[in-house]
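Data first, discussion second: the structure below is written as structure tokens.
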Amino acid sequence: MRNLLPTKKSKSSLAALLLAFVAALAPVSMQAQTTKLHFGIKGGLNITQFSFDEKVFHSDNKNGFFAGPSLYFGVPVLGLGADLSALYNQKKATVGEETIKQQSIDVPFNLRYSFGFSEGACVFVSAGPQASFMLGDKSLSFKSDNDLDEVDWKFENSAFSFNVGGGIVVGPLQLGASYNIPIGKTGEFTWKETADKVFHAHSKSWQISAAIYF
């Protein structure tokens, strides 16, 4: 009758396999213990300017604001991290003689690299994509610069952009500055007198932010 009990040789092979498995998991376990996941609140001010594919309007900067919840995930021992936010954002700009207000829910996802004295006192650089979903009125009409032709303005329902910036960390507080670069058009407009001619508009913003994570 065949012996079904484990032999001495099979026991040693099993032990070696378990040791190899534990050794393979050790770096993953150590890294998991050093990861940090924090929820927080982020807000700040932005300065927006609209640009056009042709020199048809003069645009002046206007201040706006943004605020909302934020999630930060980091691996301090490597200096790597990422933050994901959902922000109510209100931008304003004067186009011609009209002040245009753009409201949206922005979802930025930024990768970052930190370097400094410690996790609670460091400098970081960041970059990443952002999706924006428009709220409120997406279309309006106003007079052009010459006060003769009426203009029809329409925002896109959604827009994509890219953030580049950096900041500092002091304890739970993070202060940052970034530049938001549009990918594609933010909106478009036509003159009623020449409705066959469509002009595209792009909104670029400087953003100053503060976030506190718990």
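The values are calculated or read from the model by the stated rules, or taken from the named source; none is laboratory data. Not measured: the values here are computed from a predicted model. Here the Cβ positions follow ideal geometry from the backbone for every residue, glycine too, while neighbour counts run over all protein chains shown. Calculation scope for accessible area: heavy atoms of the full protein, side chains included, ligands and nucleic acids excluded. Shrake-Rupley method; radii C 1.70, N 1.55, O 1.52, S 1.80 Å.
Things worth noting here:
- Using a Förster distance of 22 Å, the FRET efficiency for A86-I183 (Cβ separation, nearest 0.05): 0.70
- Extension gain for L111-K36 works out to 25.6 nm (0.36 nm per residue, less the C-alpha to C-alpha distance).
- Approximate spin-label separation T99-F133, in nm, with each point projected 7 Å along Cα-to-Cβ: 2.8
- Heavy atoms of D152: accessible area, 1.4 Å probe, square angstrom to 10: 50
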